[in-house]
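Here the structure comes first, spelled out in structure tokens, and everything after it is commentary.
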Amino acid sequence: MKLKGIFLAAFIFIGLIGQSQALMILIFGDKLSNERMQSGINVFVTQSTFNGMSDATVLTSWALGGFTDIKLKNNWYASIELTVKSPTGAKGLLNYYDHYIPNDSITVEDLHIEITNFSVPLYIKYKTKYFNIAAGPEMIFAYASDLVYTAKTIGGENIAVKSSAKEYINTFDIGFSGTFEFLLFPKRPKTSVRLGLRYYYGFISPLKDYAKSRNSVLMFKVGIPIAGKDVATLEEVKNVKN
């Protein structure tokens, strides 16, 4: 319990930092991006599900976070992508939680679980002229969750009913994460917008009642560097002189 308390305190501390990270990058971008370090904001469209549950289907959501790349040597970098309100979950879970249907007077069509997390992947990243690739462990702390029933009333009205899922989920997860980024403007590697994918697979069951379930999250991302400057190429310098 003591160790769990330490982890909980650490994740809460990281989360408080993460909530202000995007704002800090916007305000202090010129201080957080230099020759050896680059920071920015990530915007994600996420698709998550629970592997190991045959009826589970994809839950689509979005997330916002920040990234910092620190140069190690040559093309190698250490990279942190802290994502605030990172969603996991799945649809199609009515057969697993059908005994929690809140009201017999409505027809329940589906049940999905929405889990909101702090996620912290720690990457080793390799950068090239046109793309970046990275891999490493990712830690997740779940701080909010809901069972969401989509249903129809007797009158045919579509409704959604939420109830807390806290007692059914595990708080911590750790797994493997990888990301691929394509530079939209490769001649401007420090300031170019990045389009990419990030994938996470968890090693710990997110659901207490289903030990074989695993988080599986695919994230489509747009990375926007803040501040930083690109060094002009020799050809560009010649054009300016002419």
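The values are calculated or read from the model by the stated rules, or taken from the named source; none is laboratory data. Keep in mind that what you see is a predicted model, and the values were worked out from it rather than measured. Every residue, glycine among them, receives a Cβ derived from its backbone with ideal geometry; neighbour counts consider all protein chains shown.
Quick check on residue 71: is it among the charged types (D, E, K, R), out of contact with any Ser or Thr (no Cβ under 6 Å at 6 or more places or on another chain) and farther than 17 Å from residue 148 by Cα? Criteria met by residue 71.
Taking the condition surrounded by fewer than 14 Cβ atoms within 10 Å (Cβ to Cβ), of a type outside the set (A, V, I, L, M) and either more than 20 Å from residue 56 (Cα to Cα) or touching a residue at least 40 places away in the same chain (Cβ under 8 Å) (or both), does residue 152 pass? Yes, satisfied. Among the conditions (1) of a type in the set (A, V, I, L, M); (2) over 29 Å from residue 190 (Cα atoms); (3) surrounded by fewer than 17 Cβ atoms within 10 Å (Cβ to Cβ); (4) in contact (Cβ under 8 Å) with a residue 24 or more places away in the chain, the only one that residue 115 does not satisfy is (3).
So that you can scan it fast, the table gives a plain yes or no per residue for (1) assigned to a strand (DSSP E or B); (2) among the polar types (S, T, N, Q); (3) out of contact with any Asp or Glu (no Cβ under 7 Å at 6 or more places or on another chain):
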residue	(1), (2), (3)
151	yes, no, no
161	yes, no, yes
167	no, no, yes
186	no, no, yes
190	no, no, no
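Within region 169-195, being over 23 Å from residue 123 (Cβ atoms) and without any contact (Cβ under 8 Å) to a residue 60 or more places away in the chain holds for 169, 170, 187. Evaluating residue 193 against the criteria (1) hydrophobic (A, V, I, L, M, F, W, C); (2) closer than 24 Å to residue 44 by Cα; (3) over 23 Å from the mean Cα position of the chain (by Cα) leaves one unmet condition, (3).
Against the numbered list (1) farther than 30 Å from residue 188 by Cβ; (2) out of contact with any Lys or Arg (no Cβ under 9 Å at 6 or more places or on another chain), residue 149 comes up short only at (2).
Take residue 182 and tell me if it is aromatic (Phe, Trp, Tyr), closer than 29 Å to residue 38 by Cα and over 15 Å from the mean Cα position of the chain (by Cα).
yes
Name every residue in region 88-111 that is surrounded by fewer than 22 Cβ atoms within 10 Å (Cβ to Cβ) and either at pLDDT 95 or above or assigned to a strand (DSSP E or B) (or both), in order of residue number.
91, 107, 108, 109, 110
If you go through region 31-76 and keep only what is of a type in the set (Phe, Trp, Tyr) and crowded, with 16+ Cβ neighbours inside 10 Å, you end up with 44, 50, 67.
Please tell me if residue 163 is exposed (fewer than 14 other Cβ atoms within 10 Å of the Cβ), polar (S, T, N, Q) and either under 17 Å from residue 86 (Cα atoms) or over 22 Å from the mean Cα position of the chain (by Cα) (or both). Spelling it out, residue 163 is indeed exposed (fewer than 14 other Cβ atoms within 10 Å of the Cβ), polar (S, T, N, Q) and either under 17 Å from residue 86 (Cα atoms) or over 22 Å from the mean Cα position of the chain (by Cα) (or both).
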